[in-house]
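**Q** Let me give you the structure first, and then I'll get to my questions.
The values are calculated or read from the model by the stated rules, or taken from the named source; none is laboratory data. Predicted model, so just to flag it, every value in this text is computed and none were measured. Using ideal geometry, Cβ is built from the backbone for each residue, glycine included, and neighbour counts are taken over all protein chains shown.
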Amino acid sequence: MKFSSKLDKDDNSDLYHWFFPVPNAIATSFIEGNDRRVVTKVNGIVKYHCAIYGDGEGGYRILLNRERVKKLGLVRGESINVELEKDRSEYGVPMSEELREVLDQNPEADELFHKLTKGMQRTLIYWSDNVKSSDIKIRRAIVMTDHLVNQAGKIDHKLLNAEMKEANQAAKRL
């Protein structure tokens with residue numbers, strides 16, 4: 001579904017400042033129960049998986065991070081062209097082949113991963129896959145799956161980041 005919107009900024013938000021409103025009729029046509037996941041394409045350039053959020057006043061919005069706003073060269077109040085499609089992917093974001101392979105090779109970690117909430121699965125996929133290097137994706141996936149097993153399926157983000165730093169340092173020594 002295609003529509004036009006305007007980029008806006010929430011000056012009161014600590015996390016995501018940039019967003020664009022989604023007309024209520026369009027937003028509600030994509031919301032299925034608690035599932036608000038969509039694939040969004042802005043100005044025919046930037047395509048990403050995200051969710052439709054309520055704006056607290058009866059309307060809806062989709063968030064954009066600073067990097068996407070910068071890549072698109074947008075300014076507050078600028079009109080944008082939006083294309084939405086329902087996100088039917090398993091996790092709500094794409095999973096790299098590297099992470100899929102590491103999970104396949106560690107059935108215990110795979111089981112623990114799939115017991116996590118969909119939101120935590122997306123967080124870990126993003127954490128693992130948000131790099132270009134295949135070697136680093138594999139290293140992150142291994143650290144994450146080992147962490148899942150060692151922590152009995154619980155995620156301690158500070159510990160996970162410390163374990164990743166340690167793995168990066170070990171890789172530099174090789």
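**Q** Can you tell which of 89, 133 is closer than 26 Å to residue 39 by Cα, out of contact with any strand residue (DSSP E or B) (no Cβ under 9 Å at 6 or more places or on another chain), among the small types (Gly, Ala, Ser) and modelled with pLDDT under 95?
**A** 133
Let's see how each residue does on (1) assigned to a helix (DSSP H, G or I); (2) of a type in the set (Phe, Trp, Tyr); (3) within 25 Å of residue 38 (Cβ to Cβ):
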residue: 99; (1), (2), (3): yes, no, yes
residue: 104; (1), (2), (3): yes, no, no
residue: 109; (1), (2), (3): yes, no, no
residue: 121; (1), (2), (3): yes, no, yes
residue: 125; (1), (2), (3): yes, no, yes
residue: 138; (1), (2), (3): yes, no, no
residue: 155; (1), (2), (3): no, no, no
residue: 163; (1), (2), (3): yes, no, no
residue: 169; (1), (2), (3): yes, no, no
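**Q** Looking at the stretch 143-169 only, could you name the residues that are without any contact (Cβ under 8 Å) to a residue 24 or more places away in the chain and under 14 Å from residue 115 (Cβ atoms)?
**A** 151, 154
**Q** OK, next. Mind checking whether some residue in the stretch 84-93 is within 30 Å of residue 150 (Cα to Cα) and loosely packed, with under 14 Cβ neighbours inside 10 Å?
**A** Yes, the stretch 84-93 contains a residue that is within 30 Å of residue 150 (Cα to Cα) and loosely packed, with under 14 Cβ neighbours inside 10 Å.
**Q** Take the residues of the stretch 99-121 that are touching a Gly at 6+ places or on another chain (Cβ under 8 Å) and among the basic types (Lys, Arg): which is surrounded by the fewest Cβ atoms within 10 Å (Cβ to Cβ)?
**A** Looking at residues that are touching a Gly at 6+ places or on another chain (Cβ under 8 Å) and among the basic types (Lys, Arg), I get 115.
**Q** Could you check how many residues of the stretch 52-95 are within 16 Å of the chain's Cα centre (by Cα) and in a loop (DSSP other than H, G, I, E, B)?
**A** Here the count works out to 11.
**Q** Report yes if residue 142 is part of a helix (DSSP H, G or I) and either outside the structural domain of residue 33 (by TED's automatic domain parsing) or under 30 Å from residue 30 (Cα atoms) (or both), otherwise no.
**A** Yes, satisfied.
**Q** While we're here: When only residues in the stretch 1-31 that are at pLDDT below 95 and of a type in the set (Ser, Thr, Tyr) count, which is surrounded by the fewest Cβ atoms within 10 Å (Cβ to Cβ)?
**A** 13
**Q** Here's another thing I want to ask about it. Do any residues in the stretch 90-104 that are free of Cβ contacts under 8 Å to residues at least 24 places away in the same chain have Cβ atoms under 9 Å from those of residues that are among the charged types (D, E, K, R), where the two are at least six apart or on different chains, and which pairs are they?
**A** These pairs meet every condition: 97/137; 104/110.
**Q** Is it true that some residue in the stretch 32-40 is of a type in the set (Ser, Thr, Tyr) and crowded, with 18+ Cβ neighbours inside 10 Å?
**A** Scanning the stretch 32-40, I find at least one residue that is of a type in the set (Ser, Thr, Tyr) and crowded, with 18+ Cβ neighbours inside 10 Å, so the answer is yes.
**Q** Right, here's the next one. Which one of the conditions (1) exposed (fewer than 13 other Cβ atoms within 10 Å of the Cβ); (2) closer than 24 Å to residue 40 by Cα; (3) among the polar types (S, T, N, Q) does residue 96 fail to meet, given that it meets all the rest?
**A** (1)
**Q** Here is a further query. Restricting to the stretch 30-51, name every residue that is over 21 Å from residue 79 (Cα atoms) and outside any strand (DSSP E or B).
**A** Those that are over 21 Å from residue 79 (Cα atoms) and outside any strand (DSSP E or B): 30, 31, 33, 34, 36.
**Q** Go through (1) without any contact (Cβ under 8 Å) to a residue 12 or more places away in the chain; (2) within 28 Å of residue 8 (Cα to Cα); (3) in the same structural domain as residue 165 (by TED's automatic domain parsing) and name the single condition residue 126 misses.
**A** (1)
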